[in-house]
Amino acid sequence: MTVKNLRYYREKFVRHLPTRFCPGCGNGVILNAFVRALDDLSIPQERVLCVSGIGCSAWIPNPYFSGDSLHTTHGRALAFATGAKVYNRNLKTVVFTGDGDGAGIGGNHLIHAARRNVEITTILVNNMNYGMTGGQTAPTTLYGGLTTTTPYGNPENPFNLTSLVASAGATYVARWSTYHVIELTKSIKEALQNEGFSFIEVLSQCPTQQRRMFGLSGTSSEAPQRILEMFLESTYIRGQPLKNNYLYAIPKKTPEAVFKSVETKLSGFHPKLKIVDHMAFGRIIKINTERVEEVKRSLKDLDDVEKVADPLEGKIELGVFVKCERPEFVKTLHNIIERVGENRYGV
Ligand SMILES: Cc1ncc(C[n+]2csc(CCOP(=O)(O)OP(=O)(O)O)c2C)c(N)n1
Ligand code: SF4
Ligand SMILES: [Mg+2]
């Protein structure tokens, strides 16, 4: 990936308008990764059509991307994009959608576009809630998550979107987060070159709504950084060597209140302790140690600790999950149209 001056990308690819995104929102990071991918592949803007539905994430291309875009109705971006692609196969058609837009109201379009293997790159911004309308629960909200419609915790389990889309038939499927910008940019480049349906889920920070969701009680200005660090803490990358020299203590009270007793209990092991935010467990104590099994045993009889979690417990897998070839819908459709014109039957 070649890295140019930020001003270059801004002048070339971004409309100069006041931003509507809240401070620290992940949507700007995703636009940034997208335009870098286009630039790296030397895809001219005139060859790109961005399509979006409704939601904060739908604003990434429209109005901010300086190129053709179609801002459609809630959940229907993929239906519009399919029509556009059938009409003009030469367009690089890219859908920006949210988790509510793409997996809730538009969930059916998503699985069928994947099944058909339509050559569309879909970037689904998963901020785990309906950001634009005030932080309601989405089909991606984590179990127990606090949203405005689940103030006592979400009773539902979230979709595993990459598994869903992979099993529906997409030929490129990946998941990254707004922390993993280099990998995300590389993935967008791969998706844009795939002759078929490409799907990238991006875990994205929505400080405005996720402060409540993840119980981040600090100031609003520190939330974006804390959420990004939480994405790093709560994920692992498929195929990369995993560290096993740490574990987590999930406290019964606040981690600050329990820190001292954990430190005292483990003093003989000389571990490094740190309070971290974790998507599955909230604010917990991370214990770095080479003597994991002994530390685990020692913490078992500490009253202040609810549970000890292994490194991978509750973590979300990132990476590229599918990269394969299958007949593409629009190409097949045009072949059929040609055969109909020539009155030829059969495949
Ligand atoms: C048919 C219809 N139903 C409901 C709405 C209200 N609405 C606007 S945006 C939105 C949710 C968007 O959530 P998501 O796709 O996750 O986008 P985010 O704002 O989180 O990026 C809803 C329900 C609408 N605009 N149209
Ligand atoms: S509500 Fe969330 S997703 Fe929407 S602009 Fe604000 S931070 Fe971004
Ligand atoms: Mg959302």
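Nothing in this text is a laboratory measurement; each read-out follows from the coordinates by a stated rule. Note that this is a predicted model, so its numbers are computed, not measured. Quick reminder, even Gly has a Cβ in these numbers, built from the backbone with ideal geometry, and neighbours come from all protein chains shown.
Simple spin-label estimate for His16 and Asp301 gives 7.0 nm between the two label positions (7 Å along the Cα-to-Cβ direction from each Cα). For the chain, the longest principal axis of the C-alpha atoms and the axis of helix 223-233 are separated by about 90°. Within a straight-line Cα-Cα reach of under 15 Å, Lys274 can be paired with the following aspartates and glutamates, leaving aside sequence neighbours fewer than 8 residues apart in one chain: Glu229, Glu233, Glu256, Glu263. In the chain, the calculated helix contribution to ellipticity at 222 nm averages -10000 deg cm²/dmol per residue, counting -39,500 (n - 2.57) for every DSSP H run with n ≥ 4. Stretching Lys331 away from Ser261 to a fully extended chain increases their span by 18.7 nm, per 0.36 nm per residue minus the current alpha-carbon distance. A simple spin-label model places pseudo-atoms 7 Å from Cα toward Cβ; at Lys323 and Arg89 they are separated by 2.6 nm. Each residue, Arg238 and Lys252, gets one label point 7 Å from its Cα in the Cβ direction; the gap between the two is 4.0 nm. Note that the range 287-304 has calculated 3J(HN,Hα) couplings of 10, 8, 7, 8, 10, 4, 5, 5, 4, 4, 4, 5, 6, 4, 9, 8, 4, 5 Hz, one per residue in order, obtained from phi through the Karplus relation 6.51 cos²θ - 1.76 cosθ + 1.60 (θ = phi - 60°); glycine and proline are x.
About its Cα centre, the dipole of the chain is roughly 340 debye, where the only charges are +1 on Lys and Arg Cβ and -1 on Asp and Glu Cβ.
Put simply, the Cα atoms of the range 115-270 extend 58, 39, 29 Å along their principal axes, the longest span coming first.
Would you mind checking the pairs Lys186/Lys243; Lys4/Lys189; Lys4/Lys243; Lys286/Lys323 and listing those with alpha carbons more than 26 angstrom apart? Before the final figure, lay out each step's value.
Details: Lys186/Lys243 24 Å; Lys4/Lys189 16 Å; Lys4/Lys243 33 Å; Lys286/Lys323 35 Å.
From Lys186/Lys243; Lys4/Lys189; Lys4/Lys243; Lys286/Lys323, over 26 Å: Lys4/Lys243; Lys286/Lys323.
All other residues whose Cβ lies under 12 angstrom from that of Val202 are scored, Lys and Arg at +1 and Asp and Glu at -1, for a net of -2.
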